[in-house]
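Inspection log for the structure reproduced underneath, given as structure tokens.
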Amino acid sequence: MRVLFISSEVYPLIKTGGLADVSAALPAALAELGVDIQLLLPGYPKALEFAAKKSVQIEVADFMGVGPMRLISARTPDTNLRIWLVDCPSLYQRSGGPYQDGNGHDWPDNALRFAVFNHVAAQLSRGLLLPDWRADIVHANDWHTGLVPMILAETPGQRPGTLLTIHNLAFQGVFPIDIYPRLDLPGGNVIPDGFEFYGKISFLKAGLSYSDRLTTVSPTYAREILTAEHGCGLEGLLQYRKNDLAGILNGADYHIWDPATDAHLPANFNLQDIAGKRVCKTALQAELGLEPEPETPLIVLVSRLTEQKMADVVADALPRIIGSGAQCAVIGNGDRGIEEQIEAAARQYPNRIAVRIGYEEPLAHRVMAGGDILLHPSRFEPCGLTQLYAMHYGTLPIVRNTGGLRDTVVDATELSIRESTATGFTFEGVSTTEMLDCIERALALYQQPLAWRKVQRQAMAQDFGWAKSAHQYLALYHDLAPFDAARPEAIIDDCVREKAAG
Ligand code: ADP
Ligand code: GLC
């Protein structure tokens with residue numbers, strides 16, 4: 001089973017969110033199951049710097065009119081998987097992020113940047129770039145890879161089976177239609193219905209229309225995106241394809257997120273011996289300039305500061321949260337207005353609210369270990385990974401009952417605590433009041449050390465490792481693979497075309 005796994009982010013080479021974590025851990029879990037899985041990533045500067053064992057495999061003087069392109073063979077730093085980097089300096093050698101410049105503006109040529117990436121993916125998967133490797137399955141992820149299923153389906157000849165995983169339906173890669181001819185897509189100048197989206201073109205819609213199978217990252221989100229509330233305008237298409245759509249829950253990579261071995265922590269701890277967590281809390285309070293009060297509950301938020309994450313609601317509620325007797329630490333970046341509001345609250349309550357605007361991986365680990373409660377209220381959440389990490393670190397999550405949060409956290413009620421199933425706290429609506437009520441419930445339980453410890457143990461004992469989900473993906477690949485091997489129609493079509501062409 002040969003799989004080309006295409007993603008725009010792979011930890012630790014490039015990361016803006018959970019996509020990177022998944023694109024590192026899932027391929028590694030599949031490789032352990034015997035899959036020949038190879039990754040493809042744009043050659044962003046840090047990726048080119050940090051990938052291991054690099055060698056240039058192919059050089060093209062001018063690829064699609066964007067100048068030189070080199071396909072670089074490399075290995076992922078920790079897991080030693082084959083990763084192909086599309087080194088195309090005119091498109092990817094830039095300071096700033098993978099999608100935006102340093103000021104938060106989308107790169108104006110994003111359509112072309114990712115179209116080129118997708119063309120390389122399609123050619124690599126069909127065996128056109130390497131003499132000895134082609135894919136049975138192409139596993140695409142999010143809009144950045146949405147053209148690959150379309151290119152493969154519309155190009156005559158044998159092709160791999162295709163699977164597209166939706167990590168976030170809200171990001172769709174929608175561009176003005178006049179860029180279409182520049183993208184070099186099969187089928188000439190007629191824009192396929194499956195690509196057109198309200199007078200524009202949508203990379204995600206192309207993937208959803210043409211991929212043989214679709215998955216998203218939790219069972220609940222798979223149901224939610226069929227509705228107008230969460231379908232982001234694509235619910236009609238998703239309903240049409242619902243028999244090809246499955247929800248497979250993300251996992252946590254416990255090689256990286258394990259309090260027993262985490263090298264970023266001042267002290268390690270585990271389910272049997274949690275003493276080190278107290279050391280982590282004291283150190284974190286000192287590091288962030290919070291009052292050194294080991295008994296005060298410390299609520300943490302590690303997140304993109306955006307509306308998706310309800311960071312606007314949290315920012316409004318901060319004074320009331322600390323009014324309930326808690327301390328708060330916020331680590332994140334995102335909407336400037338929300339960042340500023342949180343910074344202002346931290347200035348007003350310097351020893352009770354701490355904020356670090358930015359993206360700091362080691363600090364995220366220390367916060368996860370030193371906090372008592374992770375606040376994770378989302379308007380929608382395809383899966384969410386931080387609540388999984390938090391539980392493993394004995395930091396009880398407060399989540400909104402949506403998407404993957406609903407599938408992973410069990411609300412602490414009298415009954416669930418008694419039955420030893422509780423792992424955190426959940427609330428339903430998006431109002432500040434409902435969130436604050438839930439925080440009150442969590443703080444009340446915090447005052448009952450025995451009950452708290454019981455829920456904490458239950459949370460730490462959960463196994464959200466990748467093994468189970470990797471098996472589900474493997475089963476899906478197997479479903480697709482015979483489709484690939486026995487594709488007589490495609491081959492016959494080719495023969496017919498060749499004959500017709502004389
Ligand atoms: P999303 O992908 O929607 O942002 P996830 O929960 O799936 O949400 O993944 C978020 C990932 O990004 C986690 O690995 C989390 O630890 C990390 N993260 C988020 N914000 C920060 C930050 N400011 N600094 C470091 N890591 C962060
Ligand atoms: C997206 C989603 C998040 C999910 C992650 C990885 O960024 O917002 O919920 O966990 O992708 O699949």
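The values are calculated or read from the model by the stated rules, or taken from the named source; none is laboratory data. This structure is a prediction, so every number in the text was calculated from the model and none was measured. We place every Cβ from the backbone using ideal geometry, glycine too, and count neighbours over all the protein chains shown. All accessible areas refer to the heavy atoms of the entire protein, side chains included, with ligands and DNA or RNA removed. Shrake-Rupley method; radii C 1.70, N 1.55, O 1.52, S 1.80 Å.
Among the residues of the range 216-242, what is the count of those that are touching a Leu at 6+ places or on another chain (Cβ under 8 Å) and part of a loop (DSSP other than H, G, I, E, B)?
Residues that pass the stated criteria total 9.
Just to be sure, is Ala31 at negative phi, surrounded by 15 or more Cβ atoms within 10 Å (Cβ to Cβ) and free of Cβ contacts under 8 Å to residues at least 40 places away in the same chain? Give the steps one after another, and end with the answer.
Details: at negative phi: yes; surrounded by 15 or more Cβ atoms within 10 Å (Cβ to Cβ): yes; free of Cβ contacts under 8 Å to residues at least 40 places away in the same chain: no.
For Ala31, the condition - at negative phi, surrounded by 15 or more Cβ atoms within 10 Å (Cβ to Cβ) and free of Cβ contacts under 8 Å to residues at least 40 places away in the same chain - is not met.
I need the full set of residues from the range 12-40 which are part of a strand (DSSP E or B) and either farther than 26 Å from Leu388 by Cα or within 16 Å of ligand 2 (Cβ to nearest atom) (or both), in order please.
Of the residues in the range 12-40, the ones part of a strand (DSSP E or B) are 14, 36-40.
Across the range 12-40, the qualifying residues are Ile14, Asp36, Gln38, Leu39, Leu40.
Restricting to the range 445-457, what's the tally of residues that are open to solvent by 50 Å² or more (accessible area, probe 1.4 Å) and part of a helix (DSSP H, G or I)?
Step one: list which residues in the range 445-457 are open to solvent by 50 Å² or more (accessible area, probe 1.4 Å), which gives 447-450, 453-454, 457.
From what is left, the residues that are part of a helix (DSSP H, G or I) are 449-450, 453-454, 457.
Counting residues in the range 445-457 that are open to solvent by 50 Å² or more (accessible area, probe 1.4 Å) and part of a helix (DSSP H, G or I) gives 5.
Restricting attention to the range 366-415, which residues are away from ligand 2 (no atom under 13 Å from the Cβ), of a type in the set (Ser, Thr, Tyr) and open to solvent by less than 10 Å² (accessible area, probe 1.4 Å)?
Matches in the range 366-415: Tyr393, Thr395.
Please go through (1) away from ligand 1 (no atom under 16 Å from the Cβ); (2) surrounded by fewer than 19 Cβ atoms within 10 Å (Cβ to Cβ); (3) at pLDDT 95 or above for Asn103 and return the number of the only condition it doesn't satisfy.
In the conditions (1) away from ligand 1 (no atom under 16 Å from the Cβ); (2) surrounded by fewer than 19 Cβ atoms within 10 Å (Cβ to Cβ); (3) at pLDDT 95 or above, Asn103 misses (3) alone.
What are the residue pairs meeting all of these: first residue in the range 344-369, first residue on the phi < 0 side of the Ramachandran plot, second residue basic (Lys, Arg), Cβ atoms under 7 Å, and 6 or more apart or on different chains?
Sorted first by the residue in the range 344-369, then by its partner, the pairs are Leu363/Arg356; Ala369/Lys277.
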